[in-house]
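Here's the structure, in structure tokens; my notes come after.
The values are calculated or read from the model by the stated rules, or taken from the named source; none is laboratory data. Because the structure is a prediction, the values reported are computed rather than measured. With ideal geometry, Cβ positions are generated from the backbone for all residues, glycine too; neighbour counts draw on all protein chains shown. These accessible areas exclude ligands, DNA and RNA; they are computed on the full protein's heavy atoms, side chains included. Shrake-Rupley method; radii C 1.70, N 1.55, O 1.52, S 1.80 Å.
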Amino acid sequence: MKPDLFEAPDYYNLDDLLTEEHKLVRDAAREWVKRDISPIIEDYAQRAEFPKQIINGLAEIGAFGPYIPEEYGGAGLDQISYGLIMQEIERGDSGVRSTASVQSSLVMYPIWKYGTEEQRQKYLPKLASGEWMGSFGLTEPDHGSNPGGMTTNYKDMGDHYLLNGAKLWISNSPFCNVAVVWAKNEEGRINGLIVERGMEGFSTPETHNKWSLRASATGELIFQDVKVPKANLLPNKSGLGAPLGCLDSARYGIAWGAIGAAMDCYDTALRYAKERIQFGKPIAAFQLQQKKLAEMITEITKAQLLAFRLGQLKNENKATSAQISMAKRNNVDMAIKIAREARQILGGMGITGEYSIMRHMMNLESVITYEGTHDIHLLITGLDITGLNAFK
Ligand SMILES: Cc1cc2nc3c(=O)[nH]c(=O)nc-3n(C[C@H](O)[C@H](O)[C@H](O)COP(=O)(O)OP(=O)(O)OC[C@H]3O[C@@H](n4cnc5c(N)ncnc54)[C@H](O)[C@@H]3O)c2cc1C
């Protein structure tokens with residue numbers, strides 16, 4: 001792969017809106033990606049393997065629980081710092097960002113928000129340091145966009161719960177130490193349970209043959225009469241709103257992360273277009289290529305402003321789920337379109353692993369589908385503005 005010459009575009013001087021802490025956090029993540037991700041990630045993606053050696057580095061840059069209080073091992077940062085970390089990691093690879101998103105927003109967040117003090121003390125410091133890795137089990141083979149229809153269930157056996165069912169498409173599942181699993185009780189109410197590797201009847205087979213997020217491990221969570229201690233139930237929130245609360249936090253991170261992937265594609269295409277000579281001049285001098293590049297930087301700038309404002313609203317606890325849906329949907333769509341245009345600017349070279357663009361493009365096919373599909377987020381906006389439910 002080519003050396004990482006990334007220079008971040010900042011067309012509207014957004015840096016002026018960031019605090020010194022934001023910039024320090026962002027720059028540390030950026031340097032780490034240049035040093036520890038860019039040189040290795042293409043090989044791991046080609047081999048369809050998660051690079052486990054990066055776990056310590058992710059913990060060191062604060063990517064595991066950026067906004068979780070320091071008393072639980074988190075970085076105690078604000079939401080804009082969290083977003084900037086996600087942006088920088090996804091600039092390297094969406095799969096690596098997925099690993100961090102799951103750990104922070106889908107595993108640490110529910111334990112922090114819905115768990116007991118004992119659960120927080122037991123799990124959060126180990127998850128923040130990367131000593132333990134977590135996964136989040138919501139999607140099932142027959143219930144993706146409609147997770148409320150889930151059939152995974154548990155029964156109260158007196159001194160423990162008995163968990164049965166299966167989850168599919170679970171990031172980090174093949175190597176997770178703990179899984180936050182959403183299941184229905186005997187009354188049909190959804191609750192979160194912390195399942196630990198080693199519990200009898202719990203297995204995590206890996207999903208192979210992916211063309212997307214190849215450097216992220218994906219798999220199943222299978223529960224066959226798993227005895228879960230009662231102390232592992234997350235008691236402080238139940239119903240579908242509980243997993244959806246976690247998804248709000250993760251989707252917010254994706255809205256920033258997608259900007260990173262788009263910035264990398266734009267920066268690569270701009271540099272290539274200025275160097276590649278055809279018909280006696282750089283291809284960047286042709287109007288058709290300038291149109292592509294000019295539209296890319298316009299869309300990136302709009303996405304940056306959307307994410308920044310959403311970050312302010314998150315910091316004030318004012319961001320709504322529908323606002324988060326809009327940003328996730330817009331920014332991922334923006335990134336995937338930029339990846340496709342950037343790929344064309346590189347001509348044949350664009351399809352090779354010498355450059356990051358094709359990897360970003362394929363990764364973004366997952367990002368536009370997981371954590372609520374492109375369609376579902378549009379329906380959320382539709383419901384929000386009309387008051388009419390078009391889901392069913
Ligand atoms: C790489 C990867 C990692 C993932 N990681 C996780 C994870 O860690 N944890 C987890 O729980 N899940 C995870 N997922 C699952 C992901 O969230 C689901 O794939 C997603 O929610 C869509 O569900 P589905 O694939 O079953 O598609 P479906 O729900 O079957 O949707 C298929 C199509 O139908 C459309 N559709 C569905 N309902 C409607 C409707 N009402 N109106 C209009 N169109 C509709 C959808 O938009 C989509 O285009 C992951 C997925 C991938 C690909």
Item to check | Additional length obtainable on full extension of the chain from T301 to E49, 0.36 nm per residue less Cα span | outcome: 87.4 nm
Checklist outcome for this item: With every protein chain kept in place and a 1.4 Å probe, region 114-200 has an accessible area per residue in Å² of 41 Å²
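Quick one: ranking R189, R329 by accessible area, 1.4 Å probe, largest first, what do you get?
Details: R189 120, R329 65 Å².
Putting R189, R329 in descending order of accessible area: R189, R329.
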Checklist outcome for this item: accessible surface per residue for region 21-109, probe 1.4 Å, DNA/RNA/ligands not counted, whole Å² -> 32 Å²
Checklist entry - Which sequence of M263, M1 reflects their accessible areas, 1.4 Å probe, from the largest down? => result M1, M263
Checklist entry - What accessible area, in Å² to the nearest ten, does a 1.4 Å probe give for C246? => result 0 Å²
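Over region 289-353, give the accessible area per residue in Å² for a 1.4 Å probe, as an integer.
Per residue, region 289-353 has an accessible area of 45 Å².
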Checklist entry - Considering only protein heavy atoms and a 1.4 Å probe, what is the carbon-and-sulfur percentage of the accessible area of the chain? => result 51 percent
Item to check | Nearest 10 degrees, 0 to 90: helix 374-386 Cα axis against the chain principal axis | outcome: 80 degrees
Checklist outcome for this item: A correct Karplus calculation of ³J(HN,Hα) over region 67-76, with 6.51 cos²θ - 1.76 cosθ + 1.60, θ = phi - 60°, whole Hz and x for Gly and Pro, returns 9, 6, x, 4, 4, 9, x, x, 8, x
Checklist entry - Based on DSSP H runs of at least 4 residues, each adding -39500 (n - 2.57), what is the mean residue ellipticity at 222 nm of the chain after dividing by all its residues, to the nearest 500 deg cm²/dmol? => result -15500 deg cm²/dmol
Checklist entry - Projected onto the charge dipole of region 106-222 (+1 at Lys/Arg Cβ, -1 at Asp/Glu Cβ, origin at the Cα centre), which of P141, L213, L168 gives the Cα projection farthest towards the positive end? => result L213
Checklist entry - Taking a quarter of the surface of the convex hull around the Cα atoms of the chain, what do you get in nm²? => result 19.3 nm²
Checklist entry - Do the alpha carbons of any pairs in K155/K318; K34/K167; K113/K184 sit beyond 28 Å of each other, and which pairs? => result K155/K318; K34/K167
Checklist entry - At K318 and R340, where each label point lies 7 Å from the Cα along Cα→Cβ, what is the point-to-point distance in nanometres? => result 3.6 nm
Next on the checklist: Rounding to the nearest 10 and keeping the result within 0 to 90°, find how far the Cα-based axis of helix 321-345 lies from the longest principal axis of the chain.
Outcome noted: 40 degrees
Checklist entry - Which number comes out as Rg/Rh for region 167-296 once both Rg and the Kirkwood Rh are worked out on C-alpha atoms? => result 1.23
Checklist entry - In the structure shown, do any of K122/K237; K328/K392; K210/K291 have a Cα-Cα gap over 28 Å, and if so which? => result K210/K291
Item to check | 11 Å beta-carbon shell around P141, net charge (K/R +1, D/E -1) | outcome: -2
Checklist outcome for this item: For region 175-268, averaging the sequence separation of alpha carbon pairs under 8 Å that lie six or more residues apart and dividing by its residue count, the contact order in percent is 26 percent
Checklist outcome for this item: For region 319-392, the dipole about the Cα centre with charges only on Cβ (Lys and Arg +1, Asp and Glu -1), to the nearest 20 debye, works out at 40 debye
Item to check | Binned Cα-Cα distances of region 116-159, short to long, each 10 Å bin given as a whole percent | outcome: 21, 27, 39, 13
Checklist entry - Roughly how tilted is helix 241-275, in degrees to the nearest 10 and between 0 and 90, from the longest Cα axis of the chain? => result 20 degrees
